[in-house]
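One structure is given below, encoded as structure tokens.
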Amino acid sequence: MSIDKELREELRQAADALHCPPGLYGRVRHSYQHYVNEKRGRSPMKKRILAGIAAAAILIPSAAFAASYLADDIFGSSATIEQHGGTQEDYQVIEEGLQKAKSKLTEDEFKTYMELSKQLVQLKLKITDENGVRHEEKLTEEEQQQLEQLASRLAPYFEKINGTSNP
Amino acid sequence: MNDKELLPWLEKATLGDESAFQLVYQATHQDVYRTVAFLVYNKQDIEDIVNEVYMRIWRSFHTYDPSRPFRYWLHGIIVRQVQDWKRKAWRRIRLFERNRQMTCEQFEWTDKAILQSETQHELISLIRQLSYKLRVVVILRYFHDYSLEEIAEMLQIPVGTAKSRHHLALKELRKRYSLTGGDVYVH
């Protein structure tokens, strides 16, 4: 018998005697599942962490919105006041005033107060240039009357807010 | 099931179909295990490598060229995984220790079955004693029936090198075989 033939025969017999241990299947399967998870993007643990981060990313800004500036209701944003010579700090002061008003007034009162303030601010913004200088002459007579009216209507609210002596 | 029929299942398995995975494993595991076991002797190492081979199959299936035989691609993966395993330094230390053990105990057998066949078949033990470089050529040539050109491509060596390793391996085998009293024609 030639060595070629004998080698073939020999290796075939040796191979027949070699059996893949059945336990190996579980291991290869485990690795396979790991591969599938990896392929689907991420492992379950990673998925959970990412979901957590995503949830936090959504919740934090909405929580911030819930506690958003009352002043934003009036001005839109702090950018408005900055365009009229105001600063972030001024905005904070206004915000504090509004928060104070909210705590002192009833819900209905506060609603009216906010509405009136909004109108007042609209008018005031109109007459204030980008350096914060007032030009009352810019208003029409009608508007000037409106401004006075608003001021007088707001007066009792201001008293209530600032007047700690008569609650 | 022939290899052509296996391909759609392989593709499904790589996409995450577990029943397809089972089918592919059933169709290939003996071949993979036996090939690795001819190249590496420690039972634990064989299992590690078989596991790595399957990981490689899933991960690299997109590189498989369907116009070529699947088994050739598979055996290429096996050979590369075995070589990777040999390259890793920490394993080399273990290998060193194992070699020392082997010289004491003559040989470490993967299976009782092998030990049994050993007493009957001297030639296989001679193959096992060949150096890895020669042995891999013998396994691919006589177990998987690849041509020397195919072997050279798979091992990424020049055809001349594959031929000389093949020649050297046979020379070694003939020499040792005649010493143990085998009746092989020396060409």
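Of all lysines in the structure, those lying under 26 Å Cα to Cα from B:LYS12, and not within fewer than 8 positions of it along the same chain, are A:LYS39, A:LYS46, A:LYS47, B:LYS4.
Taking other C-beta atoms within 10 angstrom as a stand-in for reagent exposure, B:TYR177, B:TYR132 fall in the order B:TYR132, B:TYR177, fewest first.
Rounded to two decimals, what ratio of Rg to Rh does the stretch A:100-148 give with C-alpha atoms and a Kirkwood Rh? Walk me through the numbers before you get to the answer.
Values: Rg = 13.4 Å, Rh = 12.1 Å.
Checking Rg against Rh, the ratio lands at 1.11.
Applied to the stretch A:9-15, the Karplus parametrisation 6.51 cos²θ - 1.76 cosθ + 1.60 on θ = phi - 60° returns per-residue 3J(HN,Hα) values of 4, 4, 5, 5, 5, 5, 5 Hz, with x for Gly and Pro. Shielding value for A:24-31 is 5, the average number of Cβ atoms from other chains within 10 Å of each residue's Cβ. Applying the Karplus relation 6.51 cos²θ - 1.76 cosθ + 1.60 with θ = phi - 60° to the stretch B:168-177 yields 3J(HN,Hα) values of 5, 4, 5, 4, 4, 4, 5, 4, 6, 5 Hz, where x marks Gly and Pro.
In this structure, the pairs whose alpha-carbon distance is over 26 Å, taken from B:LYS133/B:LYS175; A:LYS111/A:LYS160; B:LYS43/B:LYS133; B:LYS88/B:LYS175; A:LYS5/B:LYS133; A:LYS102/A:LYS124, are B:LYS88/B:LYS175. For peptide B:24-36, the mean count of partner chain Cβ atoms within 10 Å of a residue's Cβ comes to 3. Both numbers refer to the Cα atoms of the stretch A:71-167; Rg and Dmax are 14.0, 39 Å.
Read the figures in this text as sums done on the coordinates, not as results from a lab. This structure is a prediction, so every number in the text was calculated from the model and none was measured. Reconstructed Cβ throughout: ideal geometry from the backbone, glycine too, with neighbour counts over all protein chains shown.
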